[in-house]
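What follows is a single structure, written as structure tokens, with notes after it.
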Amino acid sequence: MSDLRHELLLEPDIVYLNHGSFGATPRPVFQVYQAWQLRMERQPVRFITQELFPALKRAREVLGAYLGAPVDDLVYIPNATFGLNLVARSLALHPGDEILTTDHEYGACNNVWQYVAEKTGASYIHQPIALPVTTAEEIVEQLWAGVNERTRVIYLSHITSPTALIMPVEAICRRAREAGIITVIDGAHAPGQIDLNLEAMAPDFYFGNCHKWLMSPKGAGFLYARPERQAMIEPLVVGWGWGRQRDLSFGSDFLDYTQYLGTNDLSAYLAVPAAVEFQTTHDWPAQRARCHALARQAMERIAELTGLPPIYPDIRFQPPGGDHHNFDKWSNPGHLPEVTFYQQMASAPLPIQKDLKSFKARLYDRHRVEVPCVQWQDRQFVRISIQAYNSEEDVDALLAALADELR
Ligand SMILES: Cc1ncc(COP(=O)(O)O)c(C=O)c1O
């Protein structure tokens, strides 16, 4: 068992391999969250009028330092879905404009763009990114094949949901900036899983979640907007932060329109510094490296079980009946590609199941393994998430469950 499992509130008899859908929060972080809630309840007027906003500013400072973003270019929001709504519904799009994306995006976010496209007369274009991926350059070229003079926005996930691919967003943002195309990056899975420096990446807009891989309590996301683009953001909810005379101001329209949306419990935001501290005190670079190695090992074992080739180039794979020469080549670390396209979350192809939902349900009901099975185009994957509380026994349990159910 991982040393950190006892720090989590997860039920002990569950093999939890779906941190990617809904992250689990460690007990010390959850205690800080509840302490903020208690503090609010003991004197609500004093808390909300005097204590909340300085605490919120401190929480933004900590998150800004963590993400490499200046504190005033960053706001807390409830979640990634909210962040995309803020951005997409603010952009002045016109009939004929195009929003370019990949065919690996998250369903709710596709809905947001489709809604905006139908309202404005713009088109939402999905550019295919082929599997297995090979190089970052090739991904950029595949996306760029969809750019034309009508492309106003490029939107994509930093780490994709169904295929858990780390996308070369730095190169895409650079090229888009040169072409005058607005970039909107969905970082739902990035903070906590990979290092970020948003100022250096320089997307126009980047939103993400703290409640996945940073392990904060649920309901903590963020939106970063480059200073030159902040004036584009409209209030999704009009409240005290709008109008000429503002009783409540955080110093810019961008912050005023987004930070206080009426009375609410913002304790999840205030607990983000505790989540950052939890990772600092538990040597997160080492945790991540261990989790990545375990994710890679799981990919290799699943490929061996199913005989299906992995979607990432650095996974060792021997095709069924394949020649050993080929396997030897892949076994030699010197031949492995240097870049890796996944970190702690990874998707492995599954033999096609007629009823994928009941296959997934059986993994849980019969084997107590919580893991998502996803349909992507005409393919199916099992997507595993390895967080610091996971161990090799969890991967063993998954492999045993898959072997049993695929038999
Ligand atoms: C790529 C991606 N974007 C956005 C979201 C939405 O996150 P939330 O439900 O926290 O808004 C998810 C959720 O898993 C996701 O995978």
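The values are calculated or read from the model by the stated rules, or taken from the named source; none is laboratory data. All of these numbers come straight from a predicted model, not from anything done at the bench. Cβ placement follows ideal geometry from the backbone for every residue including glycine, while neighbour counts extend to all protein chains displayed. Surface areas here come from the heavy atoms of the whole protein model, side chains and all, with no ligands, DNA or RNA. Shrake-Rupley method; radii C 1.70, N 1.55, O 1.52, S 1.80 Å.
Comparing mean-square fluctuations of Glu199, Glu234, Glu137 from a GNM of the chain with C-alpha springs under 10 Å, the top value falls on Glu137.
Which entries in the list Lys119/Lys212; Lys212/Lys360; Lys57/Lys212 go over 24 Å, if you measure between the two C-alpha atoms of each? Display every interim value, and only then the final one.
Details: Lys119/Lys212 31 Å; Lys212/Lys360 21 Å; Lys57/Lys212 22 Å.
Lys119/Lys212, as the Cα separations exceed 24 Å there.
Give the calculated FRET efficiency between Arg150 and Ser358 to the nearest 0.05, with a Förster radius of 45 Å applied to their Cβ-Cβ distance. Can you show the working numbers first?
Details: r = 43 Å, r/R0 = 0.96.
Efficiency, from the Cβ-Cβ distance: 0.55.
I need the phi-derived Karplus couplings for the range 50-62: 6.51 cos²θ - 1.76 cosθ + 1.60, θ = phi - 60°, integer Hz, Gly and Pro marked x. Once rounded to whole Hz, the list reads 10, 9, 4, 6, x, 5, 5, 4, 4, 5, 5, 4, 5. Dividing the helix sum by the residues of the chain, where each DSSP H run of 4 or more adds -39500 (n - 2.57), gives a mean residue ellipticity at 222 nm of -12000 deg cm²/dmol. Taking a ≥ b ≥ c as the square roots of the eigenvalues of the Cα gyration tensor, an a/c ratio below 1.5 marks the range 66-178 as rounded. Take every Cα pair under 8 Å whose residues are at least 6 apart in sequence, average their separation, divide by the length of the chain, and the relative contact order is 22 percent.
Placing a pseudo-label 7 Å from each Cα along the Cα-to-Cβ vector at Ala130 and Met1 gives an inter-label distance of 4.8 nm. Computed from the C-beta positions of Gln375 and His282 and an R0 of 41 Å, the FRET efficiency is 0.70 to the nearest 0.05. Ranking Lys357, Lys57 from most to least accessible surface, computed with a 1.4 Å probe over the protein chains only, gives Lys357, Lys57.
Here the simple spin-label model places points 7 Å from the Cα toward Cβ, and for Glu137 and Ala202 these points are separated by 2.2 nm. Counting only protein heavy atoms and a 1.4 Å probe, the chain has 44 square angstrom of accessible area per residue. Rounded to the nearest Hz, the phi-derived 3J(HN,Hα) couplings of the range 81-90 under the Karplus curve 6.51 cos²θ - 1.76 cosθ + 1.60 (θ = phi - 60°) are 4, 4, x, 5, 4, 4, 6, 4, 7, 8, where x marks glycine and proline.
What does the C-alpha gyration tensor say about the overall shape of the range 29-279? Classify as rounded when a/c is under 1.5, otherwise prolate if a/b is larger than b/c, or oblate. Intermediate values should be presented prior to the final figure.
Numbers: a/c = 2.21, a/b = 1.54, b/c = 1.43.
The shape class here is prolate.
Charged neighbours of Pro349, selected by a Cβ distance under 14 Å, balance to 0 (K, R count +1; D, E count -1). GNM on the chain, alpha-carbon springs under 10 angstrom: the most fluctuating residue among Pro319, Pro78, Pro309 is Pro319.
Which of rounded, prolate, oblate describes the range 155-232, given a ≥ b ≥ c as roots of the alpha-carbon gyration tensor eigenvalues and a/c under 1.5 marking rounded, otherwise prolate only if a/b is larger than b/c? Note, shape of the range 155-232 comes out oblate. For the range 105-245, averaging the sequence separation of C-alpha pairs within contact (under 8 Å, six or more residues apart) and dividing by the residue count gives a relative contact order of 15 percent.
Per-residue 3J(HN,Hα) values for the range 161-171, derived from phi via the Karplus relation 6.51 cos²θ - 1.76 cosθ + 1.60 with θ = phi - 60°, read 7, x, 10, 6, 8, 7, 8, x, 5, 4, 5 Hz in sequence order (x marks Gly and Pro). Here the range 217-242 is scanned for amide nitrogen atoms under 13 Å from the site 7 Å beyond the Cα of Leu248 along Cα-to-Cβ, giving 237-242.
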